[in-house]
Amino acid sequence: MWMMVSSNALAKEFIVDLNRPNTYAAIFESGLRPRHWIENDTSTVEVRTATSVGFKLLNWQLPPLKAVWQFEVGKNLQIYSIRGIVSEAWTKEEAVANVIALDLALGGDESTVAKMKEWIDSYPDSSVNGDTWGRKVFSQDNKISASYYFRHSMDPARPLSLSVSIGFRFPPGERGFHDGILKPPPGFEHIDISKVWPESGSPGDPPMEAMAPKRPPSPIRILPDSPVSHRSRWWWSLVFVILAVLAWVAVRRSYGSSE
């Protein structure tokens, strides 16, 4: 299940403690207020407005990263997947500065940071085959994973972005979707997690279609008569006159013959 998190305190940093027994409740306990990704969602919640969120996971302390965050919740009401996507593009210098702490948190050291800097300095030559720099680590029992990978922004001046993923392995029977709409965990039933518009996730905003700019009606252009239109009009007038004369002549002949 995915859900959308909307926070008014966008400048604030939130830390989600995934070492707690109830990882779904941990989202709310951190201060985040998630909302459904789609209306009446049974699976997806999301932090649509980019928000700084960090995580405690085993002995890893993932530093806060400003991103759009998605959480997937299984039928056991536990998180089994988290993904964060940085919505703004970075320069090479910003990419290095923003990711060093994350790389170190996932077991990196001076040598891995140096290799990351080397990859970024040579970008895009270092990823001519579509490869990107990243790191993925697993718990000792391989049931939990955390990773990050650079993303191509397609902007030469600010070429890089980032995605972060956290995964939990559960028995197949616990991971599937549960019946009914996803609701807040116990203790947070009073919180509204229904989908909100627009995509920024700001409560009370009107639907996207209501916000779409209204296109003014196209003015009707009355074109001046062209020489062609004048000729056409006079041509039909002449035809009408000729037909009227012919009809009059025929009537006169008919009347004369009858005398």
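List the lysines whose Cα lies under 28 Å from the Cα of Lys12, skipping any in the same chain that are fewer than 8 positions away.
Once the sequence-local lysines are set aside, what remains near Lys12 is Lys56, Lys66, Lys92, Lys136, Lys183, Lys195.
Give me the Debye-computed log₁₀ of I(q)/I(0) at q = 0.09, 0.15 Å⁻¹ for segment 2-175, equal point scatterers on Cα only, no solvent, two decimals.
-0.32, -0.86
What's the local net charge at Asp41, with K and R +1, D and E -1, over the other residues with C-beta under 12 Å away?
Details: positive: Arg35, Lys183, Lys195; negative: Glu39, Glu46, Glu72.
Here the charged neighbours net out to 0.
Sort Trp133, Trp119 so the one with the fewest other Cβ atoms within 10 Å of its own Cβ comes first.
Fewest to most other Cβ atoms nearby, the residues stand as Trp119, Trp133.
Read the figures in this text as sums done on the coordinates, not as results from a lab. Small disclaimer: the values here were computed from a predicted structure and weren't measured. Methodologically, a virtual Cβ is constructed for each residue, glycine included, from the backbone with ideal geometry; neighbour enumeration extends over all protein chains shown.
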